[in-house]
Amino acid sequence: MNEFAERLYPYTAAFILAVCAVALGSAYTAQYWFDLEPCELCLYQRVPYAIAGFLSIVAMQMKVMRTRSLLLSLCAVAFVVEAGLAFHHVGVEQHWWQAFTSCSGDIKTGLSLEELKTALLAKKPKACDEITWQILGLSITVYNVVLGLAMAAFSFAGARWTAKKVTYA
């Protein structure tokens with residue numbers, strides 16, 4: 001293990017928790033302070049961050065290095081799932097494919113008059129193909145793909161570093 005990794009590995013779980021807190025904090029700040037309504041896919045993308053944050057808290061409490069390494073590996077899996085959801089969302093925004101959710105806001109056919117009236121009066125959910133926020137011309141979901149993949153790689157590396165600390169007596 002190189003010197004940099006040797007000094008960094010004890011803080012892997014703390015860094016994962018910090019990234020998850022910033023990502024979720026940014027999402028909720030955009031939603032509640034700046035009134036940027038999230039679509040259904042945006043809400044799904046928050047779940048892996050919450051899971052990875054929870055797993056990192058548990059990992060920080062573990063004294064057994066094998067268990068900590070396993071938890072960091074599970075964090076990596078959560079980030080891969082997050083990157084996959086974000087990539088799917090990018091494809092929906094770019095109209096490469098339809099969302100796997102019902103976030104288009106379309107009204108179903110074959111409704112009774114009462115059901116149609118209720119559907120028309122109900123607040124329509126934000127469509128997943130509408131880009132709400134861009135930075136340097138790229139949707140925030142593009143940055144989410146990059147962050148998810150980077151954090152997956154970091155988490156896998158942290159799990160590997162932690163596993164190397166296991167001593168076999």
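Readers should treat all values here as calculations from the given coordinates under stated rules, not as data from a laboratory. It should be emphasised that the depicted structure is a prediction, and the values quoted were computed from it without experimental measurement. As a convention, Cβ positions derive from the backbone with ideal geometry for all residues, glycine included, and neighbour counts pool all protein chains shown.
Which of D35, D129 has the fewest other C-beta atoms within 10 Å, and how do the rest follow up to the most? Intermediate values should be presented prior to the final figure.
Working: D35 7, D129 18.
Listed from fewest to most nearby Cβ atoms, that is D35, D129.
Lys and Arg at +1, Asp and Glu at -1: add these up for the other residues within a Cβ distance under 13 Å of L24 and post the number.
Working: positive: R46; negative: E82.
So the environment of L24 carries a net charge of 0.
For E93, what charge total do you get from the other residues with a beta carbon under 11 Å from its beta carbon, if Lys and Arg give +1 and Asp and Glu give -1? Write out the running numbers ahead of the final one.
Values: positive: none; negative: D129, E130.
With Lys, Arg at +1 and Asp, Glu at -1, the neighbours total -2.
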Legend entry - Karplus 3J(HN,Hα) series, Hz, for the stretch 134-150 with 6.51 cos²θ - 1.76 cosθ + 1.60 (x for Gly, Pro): 10, 10, 6, x, 10, 5, 4, 5, 5, 5, 5, 4, 5, 5, x, 5, 5
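Per 0.36 nm of contour for each residue apart, how much would the distance between L43 and E114 grow if the chain were fully extended, relative to their Cα-Cα spacing? Numbers along the way, then the final one.
Values: separation 71, 0.36 × 71 = 25.56 nm, distance 2.94 nm.
So the chain would gain 22.6 nm between L43 and E114.
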